[in-house]
Structures are given as C-alpha cells and as structure tokens.
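The values are calculated or read from the model by the stated rules, or taken from the named source; none is laboratory data. In this text the structure is predicted, and so the values were computed from the model without any measurement. Here Cβ is always computed from backbone atoms with ideal geometry, including for glycine, and neighbour counts include all displayed protein chains.
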Amino acid sequence: MLVRIDPASGVAIFDQIAGSLRASAIAGTLAIGERLPSARELAASLDINVHTVLRAYQLLRDEGLIELRPGRGAIVTGRLAGDYDALNSAVANVIQEARKLNIAPPALAALIRETYQ
C-alpha cells in the first residue's frame, strides 16, 4: 500500500493520508478486511507525527471506511465497496488527456477540485 503526501501542499497532511487511502479503496487496491499499517508504522515511514496518522484514521473511521479495533489496528470495511469501474475508467481517460496536453498533476487536481465544487 502506498500513501503519498506532499508537505508543501496547502492540504493538511492528515487529509492527504485519508484521501490517499480513500482513493486506494475506490481503485480496489485496498481489499475489504485488509489491515492498514499501524499508526506508528505509517508515521515512521512518512516521517510524520503519529497523531497526524491517528487523526486520518479517525476521520476514515467516522466516514465508515475503516474500523479501529483495539489490539488489531485499522481494518478496511466494505462501506466504500461498489462498482467504481466506470469512474476509474473515466479518471484514466482524463489523466491520458491531461498528459497529452502536458498538464501537471497539481494543475489537474486543482481543475478537478474547482469543477467538482
């Protein structure tokens, strides 16, 4: 599992972590029942404070994406399960078109964010 963060981004790091995990769930790279790394492990791998990871995990718990189980860690639930094939295909098409136009990922993300809102 790959979690990417950009410390220079205007988006809070806990939101970036939560967003990365949400995207993995939608893309199907996180399976239902899969255990996430412990907060300490993820914090160490990202070189951030453990409380930042815990905040991201709590946010995902509140959204119903994961369950936090004492002694067992964070487990992916099936709440985001669904058929995202059409969405994943559309995203792939948008990325392909953006690459043709030499649009940088941050610019594409900003365009999507503005259009979505």
* To do: For the stretch 39-70, name all the residues that are out of contact with any helix residue (DSSP H, G or I) (no Cβ under 9 Å at 6 or more places or on another chain) and among the hydroxyl-bearing types (Ser, Thr, Tyr).
  => 45
* Mind checking which residues of the stretch 16-38 are in contact with a Ser or Thr (Cβ under 9 Å, 6 or more places away or on another chain) and assigned to a helix (DSSP H, G or I)? -> 16, 17, 23
* Within the stretch 24-63, tally of residues that are on the phi > 0 side of the Ramachandran plot and touching a Phe, Trp or Tyr at 6+ places or on another chain (Cβ under 8 Å) -> 1
* the stretch 1-40, subset surrounded by 17 or more Cβ atoms within 10 Å (Cβ to Cβ) and more than 21 Å from residue 64 (Cβ to Cβ), residue modelled with the lowest pLDDT -> 5
* To do: Sort through 5, 17, 32, 66 and tell me the only one that's touching a Gly at 6+ places or on another chain (Cβ under 8 Å) and among the hydrophobic types (A, V, I, L, M, F, W, C).
  => 32
